[in-house]
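Here the structure comes first, spelled out in structure tokens, and everything after it is commentary.
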Amino acid sequence: MFDLQQAFRVFDTKPWAAHLYVTEQCNLDCHYCNQFNNSIPHPAVADLKKWMDHIRKLGVTRLGLQGGEPLKHPDIVEIVRYAKSLGFCKVSMSTNGFLLDRQLLADLEAAGLDSLHISVDRMTPIASTRKSMKSILHKLYWFKDSKIKLNVSGVLFKETLDEMGQVVDTCLDLGIPVHARAVHDDLVHERTLRDPNASEPLLRFIEQQEELKRSGEKIHTSWNLLAYQKSMLQREPVEWTCVAGYKYFFVSSTGKFWLCSQVRTERHILEITREDLLSHNKKKSCQARCGVYCTVETSLFVHHPVQYLGREVANRLATRVSRLRGGGPKRIRDLAAAQ
């Protein structure tokens, strides 16, 4: 979720956030994912440190550790500790949670990890995605006394729709921030994963999350991204300029500079300068109906800060009014029953 505490960064030309793939190996094989390759060895810690040094010198303040499955890297705790020593104001990690245990969670907390995003698509596993709540539910209770902020996210597509509501409700019942976002197409392998003729169920689920957020529930996404997804699914034009490769960029497990997870280059991160980054501050041919939501959100804020903040403030006020009135549905199951 977008951090309004760093809103001042909209006024400079330095990069804001970066994702670093600490490995491209993964213990799962979700059919929609193009961000794992088990044939690529884990990068050496010494190399990762050099890349993090350079990322920080470029001006990045928020670092996300990605995979593959980042917990597969045998030195993941040391990687987190070093990232925090460089002065990143926020170090986060995305994981499927399968390899997490109590000791590893304690070690990550001691190393300074700020937040952990666990990806869950369904209550029960299926062939296309084994990221199930059944597999990691007991681990969510470990965060009760942890300093690491936890949130759960899910990928929304036709094979997760039947159980995604239960995932959201389970997290809300436990007081855990959660969201589910529409799957994005695979530009790397030119696979269309989001059927333009079957958007209505996805749209309804986005609207249900919107209703829950308005009633004060912990839907972990911004109002701007909810509005963007609705427009995207309805094929309505959205005026924005992509900042991928400029304010927000990715670095692969081999040190390659990527504009985002789907747009990749062969240039090494150590060659990249601020001037290189600035050159990517422009509209891109692939940005129509883009589903790389971290870059979409940063782009919406950077180029339309007044509009972005206006929508967030107005909806937060509406949420307060709704909570004072004590009305509104509290769970996906309530919304489904009312339809």
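Quickly run through region 50-84 and pick out the residues that are in contact with a Ser or Thr (Cβ under 6 Å, 6 or more places away or on another chain) and of a type in the set (D, E, K, R). Lys72, the sole residue that qualifies. Test Arg333 against the stated conditions and say whether it is assigned to a helix (DSSP H, G or I) and either touching a residue at least 40 places away in the same chain (Cβ under 8 Å) or crowded, with 17+ Cβ neighbours inside 10 Å (or both). Judged against the criteria, Arg333 is a match. Condition check: assigned to a loop (DSSP other than H, G, I, E, B), surrounded by fewer than 22 Cβ atoms within 10 Å (Cβ to Cβ) and without any contact (Cβ under 8 Å) to a residue 12 or more places away in the chain. Does Ser231 satisfy that? In short, no.
When Ser92, Ser119, Ser39, Ser85 are checked against the criterion of being modelled with pLDDT under 95 and polar (S, T, N, Q), Ser39 stands alone in meeting it. Determine whether Asp29 is assigned to a helix (DSSP H, G or I) and either under 16 Å from the mean Cα position of the chain (by Cα) or surrounded by fewer than 19 Cβ atoms within 10 Å (Cβ to Cβ) (or both). Answer is no for this residue. Taking region 234-259 as the range and being in a loop (DSSP other than H, G, I, E, B), surrounded by fewer than 24 Cβ atoms within 10 Å (Cβ to Cβ) and among the hydrophobic types (A, V, I, L, M, F, W, C) as the test, the residues that pass are Val238, Trp240, Leu259. Checked against the criterion of being more than 30 Å from Asp75 (Cβ to Cβ) and in contact with a Cys (Cβ under 8 Å, 6 or more places away or on another chain), the candidates Ser231, Ser279, Ser322, Ser299 yield just one match: Ser299. Of all residues in region 43-74, those satisfying the criterion of being farther than 26 Å from Ser132 by Cβ and either charged (D, E, K, R) or in a loop (DSSP other than H, G, I, E, B) (or both) are Pro43, Ala44, Asp47, Lys49, Lys50, Asp53, Arg56, Lys57, Gly59, Val60, Thr61, Arg62. Within region 169-185, the set of residues being more than 16 Å from the chain's Cα centre (by Cα), on the phi < 0 side of the Ramachandran plot and not polar (S, T, N, Q) comprises Asp169, Cys171, Leu172, Asp173, Leu174.
Of all residues in region 296-307, none are closer than 29 Å to Ala46 by Cα, in a loop (DSSP other than H, G, I, E, B) and of a type outside the set (Ser, Thr, Tyr).
Of note, Thr124 does not satisfy the criterion of being buried (at least 18 other Cβ atoms within 10 Å of the Cβ), over 18 Å from Leu65 (Cβ atoms) and polar (S, T, N, Q). Among the conditions (1) part of a helix (DSSP H, G or I); (2) over 23 Å from Val168 (Cβ atoms); (3) of a type in the set (Gly, Ala, Ser), Ser135 misses just one, which is (2).
The values are calculated or read from the model by the stated rules, or taken from the named source; none is laboratory data. Not measured: the values here are computed from a predicted model. Virtual Cβ from ideal backbone geometry, glycine too; neighbours counted across all protein chains shown.
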